[in-house]
Amino acid sequence: MRVPTLYVSTWGSFVSLSLINDAQSAEPDTGVPATQRKRRTWLAAVLTAVALLIVGALIAGAFYALSIDRAVNDNLQHISDQLPADTPDRPAKATGTAINYVLMGSDSRDVGNAGHGRSDVLMVMHLAADRKSAYMISFPRDMYVPIPGHGKNKINAAFAYGGPPLTVRTLEGLLDTRMDHVALIDFDGFINLTEELGGVKVYNKYPSTTGGYKFPVGNVNLQGEQALAYVRERKQLPHGDLDRAERQRVVLRAILAKGLAKETISNPFKFVNFVRGVAQHVSVDDRLTESKLRKTALSLRLTSKDVHTLQAPISGFGTSPTKQSIDIVDKEKLVQLAKALRNDQMDRYLEKYPEG
């Protein structure tokens, strides 16, 4: 018995399928039993149904991908002059394919505000070359470090003195590691994505009451203004800014984990809205092109457990010559962190110095 042949033809946005079988009704009677003809008819119907499902899935998948692409391209801002010039004094680019992103949180995506304030959130996100792990390293804003051209100061002063380019130069000097890209985040807007996701759950180490919201020790659900109150609090926390920075890392990881979770991605409307929301609150350097973003996104092999958060090492607290409270850098651990970043061995560093 010959297998029916499936023909698929397209024209514009229409798809037509036809099955041609040797046992067509127009052919003369060949003496084939009726049961065999019915079996062929049934097989043709099954093949038609499968073909329709495949074509439908392809069309739906293409539409989904196009919607995500549009959500990013229509909302993400690309801004020039966010990275320092490629001068000889910058660290050399690593030979591997790991990527280092500098994440800076401010009140808005307007980089023109640099010089009118200091960045409240400063992180380096290291994406491993195998794309199976990511590490978000926060730098406490009171870390006392050298700022190129301005002597020593709190690290967040770099943003006030020279915006993202000077912040990148400060980090590169501190870590002797090339930073590849910059993302300026409207942090308050980003945290508000918890509304879009229906809230996120995090573990709270220290009790606090802020803006009328109570946060007991243990798992807490955060959403909208409640989430903002949670990440802004520092005075009621035993380690002040350090604990606030940890809360910021934990909530950011929770947002990314839920946004990339199976139940979100499998809901096209919800996921596209999430992607759109992220893009609306982020600006990136103009070297981070749409094709680079797409290529990186498609290469990711991450689960929520593969996103790790940690703090740049400090050894204690002190007072600057200008009588400001400062965080003192743990130089020995910082050297090890810098080496781990350069050599794409953050897993080893984290094994030696676990999160939390």
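Structural remarks
- Ranked by solvent-accessible area (1.4 Å probe, protein heavy atoms only, all chains present), the residues S299, S291, S208 order from largest to smallest as S291, S299, S208.
- The distance between label points at K270 and D306 comes to 2.1 nm (points 7 Å beyond Cα on the Cα→Cβ vector).
- Label point 7 Å beyond Cα of I79 along Cβ direction - residues of the stretch 189-211 with amide nitrogen under 18 Å: 189-191
- FRET efficiency estimate (nearest 0.05) - Cβ-Cβ, E195 to E332, R0 51 angstrom: 0.75
- Were the residues from S291 through T319 laid out at 0.36 nm apart, the gain over their Cα-Cα distance would be 5.4 nm.
- Figure note: R232, R90, R348 ranked by solvent-accessible area, largest first, 1.4 Å probe, ligands and nucleic acids not counted: R348, R232, R90.
- Label sites at L66 and N219, each approximated as a point 7 angstrom past Cα along Cα to Cβ, lie 4.1 nm apart.
- If the chain linking K235 and A129 were pulled fully straight, counting 0.36 nm for each residue of separation and taking away their Cα-Cα distance, it would gain 34.3 nm.
- For the residues T167, T322, a 1.4 Å probe over the protein chains yields an accessible-area ranking, largest first, of T322, T167.
- Rolling a 1.4 Å probe over the protein heavy atoms gives the stretch 193-235 an accessible area of 54 Å² per residue.
- The residues packed around P148, meaning those with a beta-carbon under 12 Å from its beta-carbon, carry a net charge of +1 if Lys and Arg are +1 and Asp and Glu are -1.
- Violating pairs (Cα-Cα greater than 25 angstrom) within the set K214/K235; K154/K305; K132/K152; K205/K323: K154/K305; K132/K152; K205/K323
The values are calculated or read from the model by the stated rules, or taken from the named source; none is laboratory data. Values in this document were obtained by computation on a predicted structure and should not be read as measured data. Heads up, the Cβs are rebuilt from the backbone with ideal geometry, glycines too, and the neighbour counts pull from every protein chain shown. Side chains are part of the model used for accessible areas, which takes the heavy atoms of the whole protein and leaves out ligands, DNA and RNA. Shrake-Rupley method; radii C 1.70, N 1.55, O 1.52, S 1.80 Å.
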